[in-house]
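> Okay, here's the structure, questions in a sec.
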Amino acid sequence: QVQLVESGGGLVQAGGSLTLSCAASGDTFSSYTMGWFRQAPGQERHFVAAISWSGHNTNYAESVKGRFTIHRDNAKNTVYLQMNTLRPEDTAVYYCAARPVYTGQYYYTENSYTYWGQGTQVTVSS
């Protein structure tokens, strides 16, 4: 079992920056791929970024590429989403997710992720 807890959400003005954190606990001996997803009001949840827990591979949605950076601190079992040049369209509930390293599915496949955090609200004002 893996428990995920997001933090760092809040209100920021357009053009500003915010960093989200996701602390993982529980099964720390297994390797997991970590991902960030977001869900805007009235919209479905979309992939944002993913990172291999044991490797250095990162992937981003086109809408955030060049603005967001996913990184990790393995010693703390924590992954981060650094968000720069925020736009009002980035407003959403952001979710941290984890899945086994190998699932046979693409990194952006939402239902391949087994564990989910509770979400943290990010609001970007214009």
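> Has region 63-72 got any residue that is modelled with pLDDT under 95, under 16 Å from GLU6 (Cβ atoms) and not hydrophobic (A, V, I, L, M, F, W, C)?
yes
> Please indicate, with yes or no, whether at least one residue in region 17-26 is at pLDDT 95 or above and part of a loop (DSSP other than H, G, I, E, B).
Yes, region 17-26 has at least one match.
> Within region 87-102, count every residue that is open to solvent by 10 Å² or more (accessible area, probe 1.4 Å) and modelled with pLDDT of 95 or more.
6
> Quick check on VAL12: is it of a type in the set (Val, Ile, Thr), open to solvent by 50 Å² or more (accessible area, probe 1.4 Å) and assigned to a strand (DSSP E or B)?
no
> Now, a different point. For the condition part of a strand (DSSP E or B) and closer than 16 Å to SER7 by Cβ, what is the one hit in GLN118, GLN82?
Going through GLN118, GLN82 in turn, just one is part of a strand (DSSP E or B) and closer than 16 Å to SER7 by Cβ: GLN82.
> Would you mention how many residues in region 46-92 are touching a residue at least 60 places away in the same chain (Cβ under 8 Å), within 20 Å of ALA24 (Cβ to Cβ) and among the hydrophobic types (A, V, I, L, M, F, W, C)?
3
> Something else now. Among the candidates GLY66, GLY26, single out the residue that is among the small types (Gly, Ala, Ser) and open to solvent by 70 Å² or more (accessible area, probe 1.4 Å).
When all the criteria are applied, what remains is GLY66.
> Ok, one more. Might you check whether a residue that is under 16 Å from GLU6 (Cα atoms), at pLDDT 95 or above, part of a strand (DSSP E or B) and among the charged types (D, E, K, R) occurs anywhere in region 29-44?
yes
> Within the set of pairs 6 or more residues apart or between chains, which connect a residue that is within 14 Å of THR19 (Cα to Cα) inside region 108-124 to a residue that is surrounded by fewer than 19 Cβ atoms within 10 Å (Cβ to Cβ) and among the basic types (Lys, Arg) with Cβ atoms less than 8 Å apart?
Once the first residue is within 14 Å of THR19 (Cα to Cα) and sits in region 108-124, its partners that are surrounded by fewer than 19 Cβ atoms within 10 Å (Cβ to Cβ) and among the basic types (Lys, Arg) give VAL124/ARG87.
> Which residue out of ASN57, ASN84, ASN77, ASN111 is on the phi > 0 side of the Ramachandran plot, open to solvent by 10 Å² or more (accessible area, probe 1.4 Å) and among the polar types (S, T, N, Q)?
ASN77 is the lone residue from the list that is on the phi > 0 side of the Ramachandran plot, open to solvent by 10 Å² or more (accessible area, probe 1.4 Å) and among the polar types (S, T, N, Q).
The values are calculated or read from the model by the stated rules, or taken from the named source; none is laboratory data. Remember, predicted model here, so these are calculated numbers, not experimental data. Every residue, glycine as well, gets a Cβ built from its backbone with ideal geometry; the counts of neighbours run over all protein chains shown. All accessible areas refer to the heavy atoms of the entire protein, side chains included, with ligands and DNA or RNA removed. Shrake-Rupley method; radii C 1.70, N 1.55, O 1.52, S 1.80 Å.
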